[in-house]
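Report on the following structure.
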Amino acid sequence: MRVLGLMSGTSADGIDAALVDWPDDSAARPFELIGYRETPHESALQAEIHRLAAGDLPAGRILEEQVRLDRVLGDAFADAVEHFVASTGVALEEIDAIASHGQTIAHHPEHGGTLQIGCPATIAERLRRPVVADFRRRDAAMGGEGAPLAPFFHHAVFADSSEARGVLNLGGIANLTWLPAGCDASERAREVMAFDVGPANSLVDGVVSLATDGRERFDRDGQRARAGNIIEAWRAELAADPYLDRAPPKSTGRERYGIAEARSWLARAAEAGVSTEDLIATLVIGSVDAIARSWRELSERAPENPAGRLLVGGGGALNPFVMEALAESMPGVHIEPMDVAGVPADAAEAMAFSLLGRNALLGLPNQLPQCTGVDRAAVLGVVHGAEWLRRR
């Protein structure tokens, strides 16, 4: 089954599209990545998404802006599919279905809810293809965190019978999945652990954007961080973040580590006479410290077979400063991009939702209950445009 996965993460810098040919049953292997493409968002649209997610709008405009952006992003997702088709030569009719994660603008598991926009009905109507969307809400209704969901994919494609592995996604938020050796056997899937560690790129991207009035959206190649010095007192403050002490399952997002928090850090730096470069270096090392801490805690669960390989994806995997900092903080761990395991780092999240969409269409569970905090696996996702499904 050929399912095109669409993903726009917490960085809101663009839409990733990955078309994967999956087996027509419950197996995930062998799979074929047919094509992948990223469609960047205009900087103005990214800023609008961040403002809405941060509630950085007059109270009377928030609902109107939510409705407007829901439709704007629905069209943007449909445009991304059309760009994918045009660039890869894959005919739209060859795509069995589209699986869209949408754009998260609010994630509050403490209130039993999470909200993604990017109208899936608009995507289906524009393209005349069935669209699976709204993956997170049922998990939240079951009492779960609604996240992370990508570990289902990590387990399906990366788990190994003889080697313990970790999978780290460095998007706006850092997500870590721990795959003990042998968990590829279905009866041992419950041993997989995964959770949101804390911020990865979200605070740094916010600081860069604010400091440059939007001319730059991220720290390219880690140049600013490399030019900075770590403020040890602030590093200690980051390490004392109460979120880091919460036991998994846990998840977070821009409501905690978004543009409002970035603005607060930038104001503190200006008041203290701390350069933007020093602030960025400190924020990066703070996120790396949290990842290293989580890795140690996970590895201690199986001291007889500690995980020694960490597969890294997301935008942070392309940042040399971040990767070097990870290597320094995790000695003895073999750190490498997901690409070496057959999954392009940039395509991983879109591929994950492609698999979740495939399972939803087959009526198969597509979550790891222990990772989101629910008592059973369920089928997540709602189908829009079911009349366009191919009958098998």
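Bear in mind that the values in this text are calculations on the coordinates, not laboratory data. The structure displayed is predicted, hence computed values, not measured ones. A quick note on method: Cβ atoms are made from the backbone with ideal geometry, for glycine too, and the neighbour counts reach across all protein chains shown.
Taking 348, 200, 270 in turn, the Gaussian network model of the chain (Cα-Cα springs below 10 Å) assigns the largest fluctuation to 270. Here the chain is treated with +1 on each Lys and Arg Cβ and -1 on each Asp and Glu Cβ, and its dipole about the Cα centre works out to around 680 debye. Note on residue 247 and residue 108: with the Förster distance fixed at 22 Å, the Cβ-Cβ geometry gives a FRET efficiency of about 0.75. Going through (1) -1.03, -1.10, -1.19; (2) -1.18, -1.27, -1.36; (3) -1.07, -1.25, -1.44, the figure that equals log10 I(q)/I(0) by the Debye sum over Cα atoms at q = 0.13, 0.14, 0.15 Å⁻¹ as computed for the structure here is (3). Scanning residues 5 or more positions from residue 310 or on other chains, those with amide H under 5 Å from its amide H are 166, 334, 335, 336, with H placed 1.01 Å from N in the peptide plane. Remark: 3, 207, 382, 167 ranked as 382, 207, 3, 167, counting other beta-carbon atoms within 10 Å and listing the fewest first.
The amide H of residue 15, built 1.01 Å from its N in the peptide plane, has 39, 41 as neighbours under 5 Å, considering only residues 5 or more places off or on other chains. Taking 7 Å steps out from each Cα toward its Cβ at residue 293 and residue 268 produces label points 1.4 nm apart. The GNM of the chain, with springs linking C-alpha atoms under 10 angstrom apart, assigns the highest mean-square fluctuation among 140, 59, 18 to 59.
Helices in the chain that qualify as membrane-span-like (whole DSSP H runs, Cα extent of at least 27 Å along the helix axis, mean Kyte-Doolittle hydropathy of 0.0 or higher) are 62-88, 276-299. Where is the GNM fluctuation largest for the chain (alpha-carbon springs, 10 angstrom cutoff): 112, 171, 206? The residue with the greatest mean-square fluctuation here is 112. Which residue, 121, 372, 275, has the largest displacement toward the positive end of the dipole of the chain when charges sit on each Cβ (Lys, Arg +1; Asp, Glu -1)? Checking the options against the dipole of the chain, the answer is 121.
Each residue of the range 219-226 is assigned a 3J(HN,Hα), and the resulting list reads 8, 4, 6, x, 5, 5, 4, 5 Hz, derived from the Karplus form 6.51 cos²θ - 1.76 cosθ + 1.60 (θ = phi - 60°), x at Gly and Pro.
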